[in-house]
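Heads up, the thing below is written out as structure tokens.
The values are calculated or read from the model by the stated rules, or taken from the named source; none is laboratory data. Keep in mind it's a predicted model, so treat the numbers as computed, not measured. For neighbour counting, all protein chains shown are included, and Cβ atoms are generated from backbone atoms with ideal geometry for every residue, glycine included.
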Amino acid sequence: MFLIVAKYLIPKGYRGMVVFPFVLMKYDLDRNNAVFVNHEKIHLRQQLEMLVLPFFIWYVFEFFIRLIQYKNKDLAYRNISFEREAYTKERDLNYLKNRSFFQFLHYL
């Protein structure tokens, strides 16, 4: 995992983004934010278990399904299964030690 501050690559309204093996963040102070880093590590694990490219295909596809469902881009984003898992478990700093494969499927 490589933590990189890339202020101008992060879309407006977001603090970070993962493209395996890189965690891109808007603010350097997030480097020491355990909850933020854990959230992004969960995405790293999701990407790794899906072999990266299928993760992004699924992510975009599910975003559009959720956008049709909720008619709101923020709600659509928050309800993507990958995001639901990451937001639900981001405060559990031991989560990745016991996480089973494809756990995001429980958040569909």
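Residues are listed down the side, and each one gets a yes or a no for (1) more than 14 Å from Glu83 (Cβ to Cβ); (2) over 13 Å from the mean Cα position of the chain (by Cα); (3) in a helix (DSSP H, G or I); (4) of a type outside the set (D, E, K, R):
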| site | (1), (2), (3), (4) |
| --- | --- |
| Lys7 | yes, yes, no, no |
| Lys12 | yes, yes, no, no |
| Val23 | yes, no, no, yes |
| Leu29 | yes, yes, yes, yes |
| Leu48 | yes, no, yes, yes |
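Just to check your reading of the model, which residue among Lys7, Lys12 is farther than 17 Å from Phe102 by Cβ, at pLDDT below 95 and touching a Phe, Trp or Tyr at 6+ places or on another chain (Cβ under 8 Å)?
That would be Lys7, the only listed residue that is farther than 17 Å from Phe102 by Cβ, at pLDDT below 95 and touching a Phe, Trp or Tyr at 6+ places or on another chain (Cβ under 8 Å).
From the residues in segment 26-57 that are within 21 Å of Lys97 (Cβ to Cβ) and among the aliphatic types (A, V, I, L, M), which one is surrounded by the fewest Cβ atoms within 10 Å (Cβ to Cβ)?
Step by step, filter segment 26-57, then rank; the result is Ala34.
Does Phe64 satisfy being free of Cβ contacts under 8 Å to residues at least 40 places away in the same chain and surrounded by 15 or more Cβ atoms within 10 Å (Cβ to Cβ)?
Judged against the criteria, Phe64 is not a match.
Please go through segment 93-108 and pick out each residue that is in a loop (DSSP other than H, G, I, E, B) and not aromatic (Phe, Trp, Tyr).
Passing the criteria: Leu93, Asn94, Arg99, Ser100, Leu108.
Restricting the first residue to segment 85-108 and requiring it to be farther than 14 Å from Phe36 by Cα and of a type in the set (D, E, K, R), which pairs with a second residue that is surrounded by 14 or more Cβ atoms within 10 Å (Cβ to Cβ) and modelled with pLDDT of 95 or more meet a Cβ separation below 7 Å and a spacing of at least six or different chains?
Going by the 7 Å Cβ cut-off, the qualifying pairs are Arg99/Arg45.
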